[in-house]
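Asker: Handing you this structure, nothing more for now.
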Amino acid sequence: MLVLASASPRRKELLTQAGFTFRVHAASIPEEHRAGEDPIAFATRLAREKAQTIFVEQAQLDAPDDPLLVLGADTIVVSAAKEILGKPKDANDAARMLRLLAGGTHSVITGVCLVSRGGVEIASELTYVTMTTISEVDIGVYINSGEPMDKAGAYAIQGYAASWIPRIHGCYFNVVGLPLALVSSMLEGAEARLRNEPTATAR
């Protein structure tokens, strides 16, 4: 059984869209950046902590021979000035983030971790996103819509902010919150190893 260790509705939608069968059991861990920790290490550490926390909980409940797979993920935005941007604390923080990102190219990193009885696999995906300049009026309207408040970097590429993004370089789904091609490959490989079937799939 595949378990998604995330409460993100976007990750749930993406996994469903890709045809996976899974259940959701969100992990609650501190999402604090450590001094000197680079962005990829930060994102992958949080993904690993989420996945391992839920795996320990679920492994005690499920049968020992159950092919339990727990998927953890964490997405961060890194400004052109190398500032790591998580979810905004409030409206002022959201406006600050949008001003940082507007008129330049930033990166989006998703750390992914898959934990099974066979071990731990960690990977990450990097996408570059170019954003146009944004007026203060548009920033205010966007924040008032509520859309930025639970998003890393204070925007959703699949929402209203799409009109400010003329181009990306890399995986679009990574910016939404889960790099589907990478995750699919990891899941299929893990299932194959657990079942000793070279063509096994998690779908």
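Asker: Determine which member of the set A51, A91, A41 is modelled with pLDDT of 95 or more and buried (at least 17 other Cβ atoms within 10 Å of the Cβ).
Answerer: A51
Asker: Among the candidates V108, V120, V175, V129, single out the residue that is more than 26 Å from H25 (Cα to Cα), under 20 Å from the mean Cα position of the chain (by Cα) and of a type in the set (A, V, I, L, M, F, W, C).
Answerer: Within the list V108, V120, V175, V129, the selection yields V129.
Asker: Considering (1) under 23 Å from L180 (Cα atoms); (2) in a loop (DSSP other than H, G, I, E, B); (3) touching a helix residue (DSSP H, G or I) at 6+ places or on another chain (Cβ under 7 Å); (4) not charged (D, E, K, R), say which one I29 fails and leave the rest.
Answerer: Failing condition for I29: (1).
Asker: Which of the following residues is modelled with pLDDT of 95 or more, within 24 Å of G159 (Cα to Cα) and not in a helix (DSSP H, G or I): G19, G72?
Answerer: From the options G19, G72, the qualifying one is G72.
Asker: A further question on this structure: For the stretch 29-60, which positions are among the polar types (S, T, N, Q) and in contact (Cβ under 8 Å) with a residue 24 or more places away in the chain?
Answerer: Passing the criteria: T44, Q52, T53, Q58.
Asker: Of the residues I168, I157, only one is modelled with pLDDT of 90 or more and within 28 Å of L2 (Cα to Cα); which?
Answerer: Sole residue among the options that is modelled with pLDDT of 90 or more and within 28 Å of L2 (Cα to Cα): I157.
Asker: Something else: When you scan the stretch 32-59, how many residues do you find that are part of a helix (DSSP H, G or I), aliphatic (A, V, I, L, M) and over 14 Å from S6 (Cβ atoms)?
Answerer: Final tally of qualifying residues: 4.
Asker: Separate question: Filter the helices (runs of 4 or more DSSP H) completely within the stretch 76-193 down to those with at least 3 residues that are more than 28 Å from G36 (Cβ to Cβ).
Answerer: Answer list for the stretch 76-193: 136-145, 172-176.
Asker: Within the stretch 22-64, track down each residue that is more than 20 Å from N174 (Cβ to Cβ) and among the basic types (K, R).
Answerer: Of everything in the stretch 22-64, those that are more than 20 Å from N174 (Cβ to Cβ) and among the basic types (K, R) turn out to be R23, R34.
Asker: Take the conditions modelled with pLDDT of 95 or more, of a type in the set (A, V, I, L, M, F, W, C) and more than 16 Å from S8 (Cα to Cα) and apply them to V129. Does it pass?
Answerer: yes
The values are calculated or read from the model by the stated rules, or taken from the named source; none is laboratory data. It should be emphasised that the depicted structure is a prediction, and the values quoted were computed from it without experimental measurement. Cβ sites come from the backbone with ideal geometry, for glycine too, and all protein chains shown count toward neighbours.
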